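Okay, so here's the structure we're looking at.
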Amino acid sequence: MCDDLDGYFETALSLVKIAGNLISEHVGGCKSYEVKECDIDLVTVVDKKVEATLIEGISKKYPTHKFIGEESVADGQRCVLTDEPTWIIDPVDGTMNFVHGFPHSCISIGLLVNKESVIGIVYNPMLQQLFTAQKGKGAFLNGQQIHVSQIKELRKALIASEAGTSRDEERRNVLLKNIEMIVTKAHGLRFLGSAALNMSMVALGGADANFEFGIHAWDIAAGDIIVREAGGVVIDPAGGPFDILSRRVLCASTPELAHELSKSLAQFYPERD
Ligand code: LIP
């Protein structure tokens, strides 16, 4: 079932590059959008076209493969993860950035087999950043191998997170507590506006850790393997094992940093995917 990882990877990569052109046509932003769950959860026609391009292209070559796509789920499809090869797709991760023309958005696509992420591709066509990983083969930025930093202590770490796409009051209060903790204890805090690009920054060693409550499987499926193949760790923010459907993630350059950060974080438990 999983003996053609290279073929799966090349198929997905060529489709991602084609679909990336749909994003890079909108350098100045994409002013036409619709609102989904709330006024800061947006979707554009480009999100839908990118997702359709990827699903149609992969299905043609691998008709038995399954899909979990952000916009298909928004349109009512169920988010079901089995042991079958399943592509988990965020067609435009960082849609708010894409709408505004802030050039940090990407296509994020991960392949899970037996519920484990084995291929990850994160492509920001605006800045020509292509992060890739395959199980056991390392992580790469534009073909050059990348590694996480060696930072072990929160007081020396640059942390990435996000404000997210919901206005839930409890989640916001937890976020504000965590922002206060990080700006008090760590080197700094960055919000890139894309969960997949935040995780890729940890893989690159540009950020030392990233956490978020309220993300979805499609935001983190590719980032999970890219971080792990770059030598980092991906766990639940409370310190337990990572669960891709839990809507919670913490990744870090080292286990020491991951566990120090997890102990310092206020926790939030959203409804599962
Ligand atoms: C969004 C992320 C954002 C994160 C949100 C959301 P979308 O994805 O990129 O960084 O905070 O939780 O998942 O909606 O732009 O695909």
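Each reported figure results from applying straightforward, stated rules to the coordinates on display, with no laboratory input. Keep in mind it's a predicted model, so treat the numbers as computed, not measured. Neighbour counts are summed over all protein chains in view; Cβ atoms, including those assigned to glycine, are modelled from backbone coordinates with ideal geometry.
For this structure, a couple of remarks:
- Highest mobility in the GNM of the chain, judged by mean-square fluctuation with C-alpha springs under 10 Å and restricted to GLN77, GLN134, GLN145, is found for GLN77.
- Estimated translational diffusion coefficient (Stokes-Einstein, Kirkwood radius over Cα pairs, 4 °C, 1.567 mPa s) of the chain: 71 µm² per second.
- Degrees between helix 195-204 axis and first principal axis of the chain (Cα, 0 to 90, nearest 10): 70
- D_trans [Stokes-Einstein, Kirkwood Rh over alpha-carbon pairs] for region 81-136, 4 °C, 1.567 mPa s, µm² s⁻¹: 108
- Taking 7 Å steps out from each Cα toward its Cβ at ILE179 and ASP236 produces label points 2.7 nm apart.
- Distance (nanometres) between label positions extended 7 Å along Cα→Cβ at GLN128 and LYS31: 2.9
- Each Lys and Arg adds +1 at its Cβ and each Asp and Glu adds -1 at its Cβ; summed about the Cα centre, the chain shows a dipole of about 560 debye.
- Remark: relative contact order (the chain) = 17 percent; criterion is Cα-Cα distance under 8 angstrom and separation of 6 or more residues.
- Using just its DSSP H runs of length 4 or more, each adding -39500 (n - 2.57), the chain gives a mean residue ellipticity at 222 nm of -11000 deg cm²/dmol after division by all residues.
- The long axis of helix 169-185 is offset from the longest Cα principal axis of the chain by roughly 60 degrees.
- Relative exposure of SER264, SER105, SER32, SER161, judged by other C-beta atoms within 10 Å (fewest first): SER32, SER264, SER161, SER105
- Cβ-defined net charge surrounding PHE242, 14 Å radius [Lys, Arg +1; Asp, Glu -1]: -2
- Cβ crowding within 10 Å ranks LEU111, LEU42, LEU13, LEU127 as LEU127, LEU13, LEU42, LEU111, fewest other Cβ atoms first.
- For region 154-264, the fraction of C-alpha pairs more than 19 angstrom apart is 35%.
- Principal axes of region 5-146: Cα extent on each, largest first, Å: 39, 37, 23
- The chain: angle of helix 5-24 to the longest principal axis, Cα-based, in degrees nearest 10: 90
- In terms of its C-alpha gyration tensor, region 90-248 comes out rounded, because the ratio a/c of the largest to the smallest axis stays below 1.5.
- Overall, region 37-103 carries a charge dipole of about 380 debye about its Cα centre when +1 sits on the Cβ of Lys and Arg and -1 on the Cβ of Asp and Glu, all other atoms neutral.
- Sum of side-chain charges, GLY120 neighbourhood, beta-carbon under 13 Å (Lys, Arg +1; Asp, Glu -1): -3
- Selected from LEU130, LEU192, LEU176 as most flexible by GNM, with the chain as the system and alpha-carbon contacts under 10 Å: LEU176
- Separation of the ARG172 and LYS135 label points, Cα + 7 Å toward Cβ, nm: 4.2
- Rounded FRET efficiency, nearest 0.05, which uses the C-beta distance separating LYS263 from ASN21 and R0 of 45 Å: 0.50
- Cross-link partners of LYS115 among lysines (Cα-Cα below 20 Å; sequence separation of 8 or more within a chain): LYS66, LYS135, LYS137
- 11 Å beta-carbon shell around ALA160, net charge (K/R +1, D/E -1): -2
- DSSP bridge orientation in the chain - percent antiparallel, rounded to nearest 5: 80
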